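The values are calculated or read from the model by the stated rules, or taken from the named source; none is laboratory data. Computed from a predicted structure; not experimentally measured. With ideal geometry, Cβ positions are generated from the backbone for all residues, glycine too; neighbour counts draw on all protein chains shown.
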Amino acid sequence: MYNFDLVRPTSIDEAVAALGEEEAQPLGGGQTLIPTLKQRLAMPSKLVSLTAIAEMKGVCKTDDNALAIGGGTNHATVAQEAAADFPGLAHLAANIGDPAVRSRGTIGGSLANNDPSACYPAAALGTGATIKTNKREIAADDYFQGMFATALEEGEIITEVRLPIPEASNYQKFEQPASRFALVGVFVAKYADGVRVAVTGASNDGVFRWSEAEAALSSDFSAGAVDGLSTPDGSGMISDLHGSGDYRAHLVKVLTKRAVAAAS
Amino acid sequence: MPKDHGIGASTKRREDLRFLTGVGNYTDDINIHGQAYVYFLRSDVAHATINGIDTSAAETMPGVVRIFTGKDFEGVGGLPCGWQVTDKHGQPMKEPAHPVIAQGKIRHVGEIVAAVVADSLDMARDAAEAIVLDLAELPAVVDMKAAVQPGATKVHDDLDDNLCYDWGFVEENKAATDKAFEEAAHVTTLELINNRLVANPMEPRVAVGDYSKANDESTLYTTSQNPHVIRLLMGAFVLGIPEHKLRVVAPDVGGGFGTKIFHYAEEAFCTFAARQLRRAVKWTSSRSEAFMSDAHGRDHVTKIELALDADNNFTAVRTETYANMGAYLSTFAPSVPTWLHGTLMAGNYKTPLVYVNVKAVFTNTVPVDAYRGAGRPEATFQLERVIDKAARELGVDPIKLRRQNFITTFPYATPVAVEYDTGDYHATMDKMEELMDLPGFEARRKASEAKGKLRGLGINCFIEACGIAPSNLVGQLGARAGLYESATVRVNATGSISVMTGSHSHGQGHETAFPQVIAEMLGIPEDMIDIVHGDTANTPMGMGTYGSRSIAVGGSAMVRATEKIINKAKKIASHLLEASEGDIELKDGQFTVAGTDKSIAWGDVTLAAYVPHNYPLEDLEPGLEETAFYDPSNFTYPAGAYACEVELDPETGHVSIEKFVSADDFGNVINPMIVEGQVHGGIAQGIGQALLENCSYDENGQLLSASYMDYAMPRADIIPNLDSYIVDHSCQTPCTHNPLGVKGCGEAGAIGSPPTVINAIVDALQSGGHKVDHIDMPATPGRVWAAMQG
Ligand SMILES: Cc1cc2nc3c(=O)[nH]c(=O)nc-3n(C[C@H](O)[C@H](O)[C@H](O)COP(=O)(O)OP(=O)(O)OC[C@H]3O[C@@H](n4cnc5c(N)ncnc54)[C@H](O)[C@@H]3O)c2cc1C
């Protein structure tokens, strides 16, 4: 680790001001950033911790039937507080990493990082969530821009994530054996006006929507509807030690079916 | 009733109190006043010529004490290899120089290019980033078969090629073996890979070098399984420090699994630098460094053939193996694919002819050496896999085929140079069958199929050679060390005992089990006895712990020393009791004159030895301390039958272990609980090899699995629950040639389990109609799925 200064503002405004300085970077739960710093792969001069900002924490249901989650809310809190209204999301959060990771890591940090194998991006894209920052609101469809790439600008903070609550949903995560991130993860959400299917872990372009499955499931929300689809093309999928692109493509279909069958 | 003390009691491990409450004393806990820290600049390319190293900017950075490069080690010895293998033409293996710091050339990712010593680790690391390397990258040699092709890039310019040795065993059997294959009724052939592993002990390696100007003495604190071996190798071959000026201490060590046997560059560096700088130098490996600097394990590519006659009797086994040595020869590397592997190729079977060919190959990868089982897992995997395949090809029951070919009379001289002293392979097979509930398998398979899953049953046998080893024999085979063990039993004045042993405990539980033996012999409480180990300054020269040798060899030395103690104590007692020595009996800590009620307690005799007022001083020296060195006359041969059931998800290729049973014959057992723990752990590591662990390089010699993000370790949730994870050691044929009748249990689980798991996976796939007759380890979901696609 290189040396850095640490500040712990208590409001979003203070945080934004602190981030105005050169080479300042937000610090959420540190579950991604701290290991990166330990390996000396990043050299911020100042870290602006978001953990003391009360207005960025907590989970609540909005009038338009969405779940609003503060950007600084940790995974354990989401696992607990979303359980009643949005079990599919609670289940996703409950299976990220281990208890220590869930007690520190935040939804804002996960979405800002946009690891191609992370779980939350699938939920955000699969629900058509709105990412709220200190500056603006960004639709999930516009937010994810490829592996580790997002619409966020320098110094922009995710303050809240609003996820429309589906009638039924489920997240199926097939774990990469070593990291236990998603080798492939599929989030399925059924709404009155249609079904969304978002896939993480699989594509070289990061999280994506499987539109064929969405179309099929929107007219027939059953595992059988997925059966009839051809397997997505494996050529653009991640191929590594843990599985080929074709294997990942195959898993996309299997997990989509399982998610539909398990959706509640 | 089970015993509650002495041999056969499941005494709770006394060392666990300190390990589990955080008061152990590990090498990283040792800090020497004024110590400096070293950061090793390691190569991030696999193969390159070093044109220059510019340290000028780095040297001026804050806190830098000194920067060392290969130049500073030009007059210093290289790391020695402890075993010389002779090839099939009678020529010695190729033995390239193994520098402490790279000299002119880099040969693997992770090799040390420079060492920065500074006041703090961060300062050292900062300075290392300012070192400018001028490297000319060379093509890397990674694939073993490509490495031995004519014209392949050479790892070592001064050698003719990348072939370390081409070993034939037993070369005299080759023609007869080939003939048996020509005459065979059936031949089964299998090509397979034994995957490269990283041992990953919980505690990474650490070295602290210290130097005392007052008496010109060097001390190395290190994470080692054998401090005396390190002292000998480093003192005599690398740094030229005689033993009386060099102390090596291996305090609490957090797991070794073989990878802490070897003498490493970092140990020599810290000792050397401390002498140069007159200041202690400390190195603590990061986990990332461990992946690219701890010796790796396994990494064999093998073709095995099994010949059978018309009645399904095994008539011959023939193998050809490529064994990866990595870029340099680690301490015992050459012995692993040869003497620890070829000698086990008869397995539990009376196959009359065996011929083993091993080509050891240099590549631009981290050196490979012994890892839990060392050679024996590789032997067992190929032999038991080919037998399983033969059973399927012939349509015979795999248990029946094995039983039919079992060795049943002992001692048994195998065609591969070893003599099994004792065993009962039918007994362990019977036990396994009973514990596995084989008649219920079909119903369990149906239940799995009803859930859309496939279920497979894997059967396996193994034999290993432990209790390493008879020194004269291994000397003939090329070992440059003896493999005896030592113990000093020091009885204190009031009767408590300190045992100084050359064995080393790094998780095995010696501090509990060794006292059980002495307590049994003397009839005194276990807690009157302590084990002292790990420091060359206060233990007799011993060879350390590996090869499941500690109780068989180290324990035997302790028994011999204790016998000497008993002899002398009886002389003292006979004097005090005024009886003849032959009439003295020792029982329950009392010396009694046979047939009388005259007796004297242990403590009174020991006190007399040190306060010799009433003592036969003219015949007997005072004091009560004895040393014994024990050199075994043969290896020990633990063996067993293993089985497991897997459930396989045909949609994803995911495999789960539903049940695992081991029926082992370890001879006599000192502490059943510790033995069971060793087997549980060994099987878990074997399951790790079979399903998860995969140390992988790309074609440029870059390590792909360089962290836990990509290197999958076995975790608790992949192991069956304890009621389905049964380790039995009730079949006991005591070893015939050591005083305790023990065989050793440390490696068995890791040897017997990988083929068990793979046999079960193949069985599951076959039951689903997939014509898969082998799958390489690790059988990850992606690989299983790919195999199912044909
Ligand atoms: C052992 C382990 C296992 C894991 N397993 C999983 C898993 O199974 N699935 C999974 O999805 N994830 C997993 N993770 C990652 C975990 O979920 C992290 O918490 C998450 O990726 C990052 O969140 P964080 O709050 O820790 O962010 P940090 O590490 O603090 O920051 C990550 C990045 O986001 C930026 N950032 C942080 N907060 C904000 C914000 N509010 N607005 C804008 N930028 C911000 C930081 O500047 C940094 O660039 C695992 C992590 C570990 C260590």
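Numbers at a glance
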{"item": "Residue within segment A:5-15 that is surrounded by fewer than 17 Cβ atoms within 10 Å (Cβ to Cβ) and either within 14 Å of chain B (Cβ to nearest Cβ) or at pLDDT below 95 (or both) present", "result": "no"}
{"item": "Test for A:G97: is it within 14 Å of chain B (Cβ to nearest Cβ) and small (G, A, S)", "result": "yes"}
{"item": "Any hit, segment B:92-103, residues being within 33 Å of the chain's Cα centre (by Cα) and not in a loop (DSSP other than H, G, I, E, B)", "result": "yes"}
{"item": "Pick from segment A:106-122, criterion under 18 Å from A:K132 (Cα atoms) and within 6 Å of the ligand (Cβ to nearest atom), ranking: farthest from the other protein chains (Cβ to nearest Cβ)", "result": "A:G108"}
{"item": "Residues of segment A:133-151 satisfying the condition of being within 14 Å of the ligand (Cβ to nearest atom) and buried (at least 19 other Cβ atoms within 10 Å of the Cβ)", "result": "A:T133, A:I138, A:Y143, A:F144, A:T150"}
{"item": "Options A:A54, A:A68, A:A90, A:A112; residue that is at pLDDT 95 or above and farther than 30 Å from A:A24 by Cα", "result": "A:A90"}
{"item": "Strands (runs of 3 or more DSSP E) fully within segment B:552-639 counting 3 or more residues that are within 30 Å of B:V675 (Cβ to Cβ)", "result": "B:625-630"}
{"item": "Residues located in segment A:210-244, provided they are within 21 Å of B:P650 (Cβ to Cβ), within 11 Å of chain B (Cβ to nearest Cβ) and either of a type in the set (D, E) or free of Cβ contacts under 8 Å to residues at least 12 places away in the same chain (or both)", "result": "A:S244"}
{"item": "Single match in B:G769, B:G790 (criterion: within 14 Å of chain A (Cβ to nearest Cβ) and surrounded by fewer than 24 Cβ atoms within 10 Å (Cβ to Cβ))", "result": "B:G790"}
{"item": "Single match in A:D220, A:D205, A:D233 (criterion: out of contact with any strand residue (DSSP E or B) (no Cβ under 7 Å at 6 or more places or on another chain) and closer than 19 Å to A:A123 by Cβ)", "result": "A:D205"}
{"item": "Condition broken by B:D158, with the remaining ones in (1) outside any helix (DSSP H, G or I); (2) touching a Lys or Arg at 6+ places or on another chain (Cβ under 6 Å); (3) not hydrophobic (A, V, I, L, M, F, W, C) satisfied", "result": "(2)"}
{"item": "Odd one out for A:A54, checked against (1) away from the ligand (no atom under 11 Å from the Cβ); (2) in contact with a helix residue (DSSP H, G or I) (Cβ under 8 Å, 6 or more places away or on another chain)", "result": "(2)"}
{"item": "Options B:N195, B:N200, B:N173; residue that is touching a Phe, Trp or Tyr at 6+ places or on another chain (Cβ under 6 Å) and not assigned by TED's automatic domain parsing to the domain that holds B:V416", "result": "B:N173"}
{"item": "Qualifying position, being outside the structural domain of B:I551 (by TED's automatic domain parsing), aliphatic (A, V, I, L, M) and under 23 Å from B:T219 (Cβ atoms), among B:V76, B:V64", "result": "B:V76"}
{"item": "So A:Q80, is it outside the structural domain of A:E214 (by TED's automatic domain parsing), within 10 Å of the ligand (Cβ to nearest atom), modelled with pLDDT of 95 or more and not acidic (D, E)", "result": "no"}
{"item": "Of all residues making up segment A:20-35, the number that are within 22 Å of A:T133 (Cβ to Cβ) and within 9 Å of the ligand (Cβ to nearest atom)", "result": "9"}
{"item": "Residue among B:D649, B:D710, B:D665 that alone is under 30 Å from B:A147 (Cβ atoms) and charged (D, E, K, R)", "result": "B:D710"}
{"item": "Extreme residue, farthest from A:E175 (Cα to Cα), among residues of segment B:685-727 that are in contact with a Gly (Cβ under 9 Å, 6 or more places away or on another chain) and away from chain A (no Cβ under 14 Å)", "result": "B:V727"}
{"item": "Test: A:S203 is near the ligand (Cβ under 10 Å from one of its atoms), closer than 19 Å to A:S110 by Cβ and in contact (Cβ under 8 Å) with a residue 12 or more places away in the chain", "result": "no"}
{"item": "Options B:A36, B:A58; residue that is in contact with a helix residue (DSSP H, G or I) (Cβ under 8 Å, 6 or more places away or on another chain), of a type in the set (G, A, S) and more than 29 Å from B:Q702 (Cα to Cα)", "result": "B:A36"}
{"item": "Which listed residue is assigned to a strand (DSSP E or B), within 17 Å of A:A261 (Cα to Cα), touching a residue at least 12 places away in the same chain (Cβ under 8 Å) and within 15 Å of the ligand (Cβ to nearest atom), from A:K190, A:K173", "result": "A:K173"}
{"item": "Of all residues making up segment A:30-41, the number that are part of a loop (DSSP other than H, G, I, E, B) and surrounded by 14 or more Cβ atoms within 10 Å (Cβ to Cβ)", "result": "3"}
{"item": "Close pairs from segment A:68-90: first within 17 Å of A:K173 (Cβ to Cβ), partner in a loop (DSSP other than H, G, I, E, B) and at pLDDT below 95, Cβ under 9 Å, at least 6 apart", "result": "A:P87/A:S264; A:G88/A:S264"}
{"item": "The one condition in (1) aliphatic (A, V, I, L, M); (2) within 14 Å of chain B (Cβ to nearest Cβ); (3) surrounded by fewer than 19 Cβ atoms within 10 Å (Cβ to Cβ) that A:V184 fails to fulfil", "result": "(3)"}
{"item": "Cβ-Cβ under 8 Å pairs, at least 6 apart or on other chains, segment A:20-39 side farther than 16 Å from A:E156 by Cα and more than 14 Å from chain B (Cβ to nearest Cβ), far side within 10 Å of the ligand (Cβ to nearest atom) and of a type in the set (K, R)", "result": "A:G29/A:R104; A:G30/A:R104"}
{"item": "Counted residues, segment B:520-560 - those being over 26 Å from B:E243 (Cα atoms) and of a type in the set (S, T, Y)", "result": "1"}
{"item": "Every pair of residues 6+ apart whose Cβ atoms lie under 6 Å, when the first sits in segment B:634-656 and is within 14 Å of another protein chain (Cβ to nearest Cβ) while the second is surrounded by fewer than 24 Cβ atoms within 10 Å (Cβ to Cβ) and of a type in the set (F, W, Y)", "result": "B:G653/B:W785"}
